[in-house]
Amino acid sequence: MTSCNPNRTPEIAFESISHEFPNAFIVGEKILKRFEFTNTGNAPLEIQEIQTNCGCVATTSSAAQIPPGGTGSIQIEIDRDVGYFLEQSFVYTNDTDKPIIPLQVSGVIKAPIAFPKQIDLGKLEKGQNVTKKVTLTNNLLQPVDITAHAVSDDSLAVTLPARVMPVGGTLDIDVALSLTTVGIYSEVLTLSGRAPAVIPGTDSETIALPIQFKGRVLGDIVPLPANLFLGVMSPNQSVQRAIQLKTDGTQAFAVLGITADTFDVSAELSAEKQISHELLITFSADGAPKGLVEDTISIQTDHPDVASIDISVKGVLP
């Protein structure tokens, strides 16, 4: 006859429980790390559960039960956007001394081509010409040729001193902007690139690089304030905000109308030509979706150079 040994216990021993990837990944590439372990105890080891701190982490265990002296592994896969990452997975076992083991992976993910997706020009004067230098960085292990560019408006002019970005190199692009229309400025420059082989994380050798230029072009009429926040709004309640329209010149003007896309707006308008106007605008949000509501109100005038003035408006519907 044999008797049970009450001291039989499993024991999990990992080769390591953390890993920092030494090289950066390109967004979309597979990021995998396999943590190896051994059951150094004298009873079967059970991998009961694996939890993660993020939905961007997927885990796989090589087996649910490992015999004494046997080996196994936990594979961790990361699916993240550009930036630094540090993710943890928690392995639950029947090892009474180590019932939970945290596994940690960290590293950096880069875009194939790093470039500014948005350039804020701030407030500018009508008629002002602005130049901007845009720098592209090639993070790929292959050169990239800029094959074409397109602009959403003729106010953007582009100069390409070179077209090929070497491996790990940069390319400077000069952009000239001609600001002739008063109001919110928002135009896009789209560059098209091609690599000799498929770009990691994609199924193509080509890539599009859209860059938005945004700002506000000031004319003779300046709205104060330039942006409005309506706060938390009740669907059945209206909110009033005051707007002052001022001109630095001597050209008097009349206010002809006011419109918006999402908010219902109304105001008592003055058809009398004046150097400045005070408007008390009433906002309501019947039928608007819940959450943060962003809109633009457009105030029409008979000023010869400033036919309309755009003002950004935000409000929150609970």
What is the spread of the Cα atoms of segment 221-317 along each of their three principal axes, largest first, in whole Å?
43, 19, 18
Report the relative contact order of the chain, percent, no decimals, based on alpha-carbon pairs under 8 angstrom and at least 6 residues apart.
13
Mind giving me the FRET efficiency for ASP97 and LYS314? R0 is 51 Å, r the Cβ-Cβ distance, nearest 0.05 is fine.
0.40
I need the phi-derived Karplus couplings for segment 261-277: 6.51 cos²θ - 1.76 cosθ + 1.60, θ = phi - 60°, integer Hz, Gly and Pro marked x.
8, 9, 6, 8, 10, 8, 7, 7, 9, 10, 7, 6, 6, 9, 6, 9, 9
Computed label-point distance, nm, for sites THR206 and GLN244 using a 7 Å Cα→Cβ extension:
5.3
For the chain, shape from the Cα gyration tensor axes a ≥ b ≥ c, cut at a/c of 1.5 then a/b versus b/c, turns out oblate
Mind listing the phi-derived Karplus ³J(HN,Hα) values for segment 213-227, rounded to whole Hz, using 6.51, -1.76 and 1.60 with θ = phi - 60°, and x for any glycine or proline?
9, 9, x, 10, 9, 8, x, 5, 9, 10, x, 10, x, 7, 9
Sequence neighbours fewer than 8 away in the same chain don't count; with that in mind, list the lysines whose C-alpha is under 21 Å from LYS110.
LYS30, LYS33
Which of the aspartates and glutamates could a cross-linker bridge to LYS273, judged by Cα under 13 Å and excluding same-chain residues fewer than eight apart?
ASP302
I'd like the distance between the alpha-carbon centres of segment 214-231 and segment 1-72, rounded to an integer number of Å.
58
Here, ALA307 and SER266, labelled 7 Å along Cα→Cβ, have an inter-label distance in nm of 2.8
Just THR137, THR40, THR180 to compare: in a GNM of the chain, with alpha carbon springs under 10 Å, which one fluctuates most?
THR40
Rounded to the nearest 5, what is the percent of antiparallel bridges among the DSSP beta bridges in the chain?
85
Taking a cut-off of 27 Å between Cα atoms, list the lysines near LYS314, but don't count ones fewer than 8 places away on the same chain.
LYS117, LYS123, LYS126, LYS214, LYS246, LYS290
Would you mind calculating the relative contact order of segment 12-110 from Cα pairs under 8 angstrom and at least 6 residues apart, reporting the percent as a whole number?
36
Measure out, as a whole number of angstrom, how far apart the alpha-carbon centroids of segment 115-185 and segment 256-286 sit.
37
Go ahead and run the numbers for FRET between ALA252 and LEU124, Cβ-Cβ distance against an R0 of 25 Å, rounding to 0.05.
0.50
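Computed from the coordinates by the stated procedures, all read-outs in this text should not be read as laboratory data. A quick note: this is a predicted structure, and the numbers were derived from the prediction, not measured. Glycine gets a Cβ as well: all are built from the backbone with ideal geometry, and neighbour counts include every protein chain shown.
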